[in-house]
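Single-structure report; data block below.
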Amino acid sequence: MTTQKTQQITQSKPQKPNFEKTIQDAVDETFSLLGENSKETIYQHLENDYKIAKHEIPCKIVAFANALEQSFGVGAKILEINIIRALHKRNQGFMYVPKKRDVMFTDYVASLQCFMTSQA
């Protein structure tokens with residue numbers, strides 16, 4: 001098989017969503033709602049004050065959620081809800097059933113990670 005045909009076959013395969021990229025994109029989309037300058041300021045604040053770089057958010061989700069809560073107080077819930085909406089938009093086959101009455105951001109993300117891992 002020629003290299004060109006191999007590249008065509010590789011390019012035509014549907015891409016499985018990557019958990020880390022999905023989280024990064026959803027967070028970025030949500031922060032963008034606040035404006036480009038605010039988004040960059042939040043990322044700098046997370047890195048400088050909480051030692052969470054933008055690319056580390058998916059693997060430090062609990063620390064990220066705590067940093068949002070400490071930084072935004074009750075406003076963190078609004079950001080978390082918007083991140084969840086952005087995640088759901090990217091993973092419409094995923095269904096989350098909360099263990100308790102309230103939806104917990106970190107539980108949602110953990111469940112999504114399990115779902116996406118099982119789909120790989």
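The values are calculated or read from the model by the stated rules, or taken from the named source; none is laboratory data. Please read these numbers as outputs of a predicted model, since none were measured by experiment. We place every Cβ from the backbone using ideal geometry, glycine too, and count neighbours over all the protein chains shown.
Given 92, 119, which one is in contact (Cβ under 8 Å) with a residue 24 or more places away in the chain and exposed (fewer than 13 other Cβ atoms within 10 Å of the Cβ)? Matching residue, one of 92, 119: 119.
Inspect segment 101-109 for any residue being modelled with pLDDT under 90, loosely packed, with under 12 Cβ neighbours inside 10 Å, among the charged types (D, E, K, R) and outside any helix (DSSP H, G or I) and give the result as yes or no. So far as segment 101-109 goes, yes, one or more of its residues are modelled with pLDDT under 90, loosely packed, with under 12 Cβ neighbours inside 10 Å, among the charged types (D, E, K, R) and outside any helix (DSSP H, G or I). Tallying residues that are under 21 Å from residue 18 (Cβ atoms) and not hydrophobic (A, V, I, L, M, F, W, C) within segment 92-106 yields 4.
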